[in-house]
2 protein chains.
Amino acid sequence: MPGTQTPTEPRRRRGGRSARVRSAVLQATLDELADAGYAALSLEAVARPAGVNKTSVYRRWGTRENLILEAMLERGSQQVPIPDTGTLERDLIQYGKAIATNTRASDVQAIIRAAASIQDPDSPIVDASRRFWTTRFGLASEMVKRAIERGEIPADTDPRAVIESVIAPIYFRLLMSRQSVGPTYVENLARVAVRAARAEA
Amino acid sequence: MPGTQTPTEPRRRRGGRSARVRSAVLQATLDELADAGYAALSLEAVARPAGVNKTSVYRRWGTRENLILEAMLERGSQQVPIPDTGTLERDLIQYGKAIATNTRASDVQAIIRAAASIQDPDSPIVDASRRFWTTRFGLASEMVKRAIERGEIPADTDPRAVIESVIAPIYFRLLMSRQSVGPTYVENLARVAVRAARAEA
């Protein structure tokens, strides 16, 4: 209903039927993944709760893998903004905490677990995961680049390695050792990451 | 056939039918997981290739979750010995490389991905994973404790944190970002872990 847009919502994004269908379908994808898991996910099962024809979903996405990639990219970048607090350690703490919170949501967790479960290297989900993480690391590297500009850490620091050292243990605990990730844990990860970067000089 | 044991095999482990059944069933579990995945795994599907009655598998393990835990514990501890090279960095490099190699085997990978895929916190697999990692961290902590005794790193170093900083990125790449883990990558992880531990003093 684009006609309902009012002057108080000047930045409302494309509110047309197409955008609403997309949003409903992506949310239904996440919900279905959370409820039924990847093995049971079908375009039909997604179309129904989204209130959309199965044919429309087929036409627009074609495969469940395409659906999952789009839901993944949308949900992952939306929820984890890149902080700019003035110090690398504080940036990494905020960022790590946002990641930890995001992964606690059951619909996000379902997509993470579905992606992790796929062994076939030729699966489109594997390709989607790689693209997702390349995008996320590219965005997050800004925190490290700014710290280099401020002279906090050596100029030849590898941004990706710093980000990975904060992010990887959060996912390891979620997927493998099943331990909780509290604020103190994230603060330690960030402190160690910064000290390690300085010690590499 | 315990009677076939000869004096040249004095340390051969319990070679009875029970041990052979166990070994065949655990291997069939890993193979089935690799071929069909967790969702399709049934005690029946495991019994057939192991050449064992379905009833025997039911009697001994009861659930597929019990089967998976036992296969996990057996395969995980067998294949990744704890090195003792004289320096923490070399120990961590050897250990990290052994983990990376182990996770490349498709039957091991299948069990890792099956464990990661489970969202229900009450699943016996979640409990099995926690026990598996507690055991593995306990064993691996020896490397860090020896380094403390040698005075390589501060006495208050947290062994688990050091091990986790080497292991977590290997699993993160396997399960999430789908990047390869080469020798240089593991060497960097080990070097950074040791420097970070020293810098914490």
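The values are calculated or read from the model by the stated rules, or taken from the named source; none is laboratory data. In this text the structure is predicted, and so the values were computed from the model without any measurement. Quick reminder, even Gly has a Cβ in these numbers, built from the backbone with ideal geometry, and neighbours come from all protein chains shown. What goes into the accessible areas is simple: the full protein's heavy atoms, side chains included, and nothing from ligands, DNA or RNA. Shrake-Rupley method; radii C 1.70, N 1.55, O 1.52, S 1.80 Å.
Residues of segment B:182-192 being at the interface with chain A (Cβ under 8 Å from one of its Cβ atoms) and either over 12 Å from A:ALA161 (Cα atoms) or not hydrophobic (A, V, I, L, M, F, W, C) (or both), which ones? Write out each step before concluding.
Of segment B:182-192, the ones at the interface with chain A (Cβ under 8 Å from one of its Cβ atoms) are B:188, B:192.
Once the filter is applied, which keeps residues that are at the interface with chain A (Cβ under 8 Å from one of its Cβ atoms) and either over 12 Å from A:ALA161 (Cα atoms) or not hydrophobic (A, V, I, L, M, F, W, C) (or both), segment B:182-192 yields only B:ASN188.
Among the residues of segment B:25-48, which ones are aliphatic (A, V, I, L, M), closer than 23 Å to B:ARG131 by Cα and surrounded by 15 or more Cβ atoms within 10 Å (Cβ to Cβ)? Reasoning before the result, please.
Taking segment B:25-48 as the starting set, the residues that turn out to be aliphatic (A, V, I, L, M) are B:25-26, B:28, B:30, B:33-34, B:36, B:39-41, B:43, B:45-47.
Keeping just the survivors that are closer than 23 Å to B:ARG131 by Cα gives B:25-26, B:28, B:30, B:33-34, B:39, B:41, B:43.
Of everything in segment B:25-48, those that are aliphatic (A, V, I, L, M), closer than 23 Å to B:ARG131 by Cα and surrounded by 15 or more Cβ atoms within 10 Å (Cβ to Cβ) turn out to be B:VAL25, B:LEU26, B:ALA28, B:LEU30, B:LEU33, B:ALA34, B:LEU41, B:LEU43.
State whether the residues of segment B:149-157 include one that is within 22 Å of A:ALA190 (Cβ to Cβ) and facing chain A (nearest Cβ under 9 Å).
Going through segment B:149-157, the residues within 22 Å of A:ALA190 (Cβ to Cβ) turn out to be B:153-154, B:156-157.
Remaining after also requiring facing chain A (nearest Cβ under 9 Å): none.
No: zero hits.
Scan the helices (runs of 4 or more DSSP H) fully inside segment B:12-79 and keep the ones with 2 or more residues being closer than 24 Å to A:ILE118 by Cβ, of a type in the set (Phe, Trp, Tyr) and in contact with a strand residue (DSSP E or B) (Cβ under 8 Å, 6 or more places away or on another chain). Please lay out each step first, then the result.
Details: elements: B:17-36, B:43-50, B:54-61, B:64-79.
Counting at least 2 such residues, we get no helices (runs of 4 or more DSSP H) at all.
Would you please name the residue that is surrounded by the most Cβ atoms within 10 Å (Cβ to Cβ), looking only at residues in segment A:153-177 that are of a type in the set (D, E, K, R) and in a helix (DSSP H, G or I)?
Taking segment A:153-177 first, the residues of a type in the set (D, E, K, R) are A:156, A:158, A:160, A:164, A:173.
From what is left, the residues that are in a helix (DSSP H, G or I) are A:160, A:164, A:173.
Numbers: A:ARG160: 17, A:GLU164: 23, A:ARG173: 19.
It comes out as A:GLU164.
Conditions tested, residue by residue: (1) among the β-branched types (Val, Ile, Thr); (2) assigned to a loop (DSSP other than H, G, I, E, B).
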| residue | (1), (2) |
| --- | --- |
| A:ASP91 | no, no |
| A:ILE111 | yes, no |
| A:ASP122 | no, yes |
| A:ARG131 | no, no |
| A:PHE137 | no, no |
| A:SER141 | no, no |
| A:GLY151 | no, yes |
| A:GLN179 | no, yes |
| A:ALA197 | no, no |
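Using beta carbons and a limit of 7 Å, which pairs, at least six apart or on different chains, have the first residue in segment A:167-181 and more than 7 Å from chain B (Cβ to nearest Cβ) and over 18 Å from B:ARG113 (Cβ atoms) and the second one of a type in the set (Asp, Glu) and open to solvent by less than 20 Å² (accessible area, probe 1.4 Å)?
Close Cβ pairs (under 7 Å, with a partner that is of a type in the set (Asp, Glu) and open to solvent by less than 20 Å² (accessible area, probe 1.4 Å)) do not exist here.
So if I check each of B:GLY62, B:GLY51, which one is farther than 15 Å from B:ARG20 by Cα, surrounded by fewer than 16 Cβ atoms within 10 Å (Cβ to Cβ) and out of contact with any Gly (no Cβ under 6 Å at 6 or more places or on another chain)? Give the steps one after another, and end with the answer.
Details: B:GLY51 fails: farther than 15 Å from B:ARG20 by Cα.
Result: B:GLY62 is the single residue among B:GLY62, B:GLY51 that is farther than 15 Å from B:ARG20 by Cα, surrounded by fewer than 16 Cβ atoms within 10 Å (Cβ to Cβ) and out of contact with any Gly (no Cβ under 6 Å at 6 or more places or on another chain).
If you take the residues in segment B:100-145 that are acidic (Asp, Glu) and modelled with pLDDT under 90, which one is least open to solvent (accessible area, probe 1.4 Å)?
Applying the first criterion (acidic (Asp, Glu)) to segment B:100-145 yields B:107, B:120, B:122, B:127, B:142.
With the extra rule that they be modelled with pLDDT under 90, the set shrinks to B:107, B:120, B:122, B:127.
Numbers: B:ASP107: 20, B:ASP120: 81, B:ASP122: 130, B:ASP127: 72 Å².
Per the stated criteria, the residue is B:ASP107.
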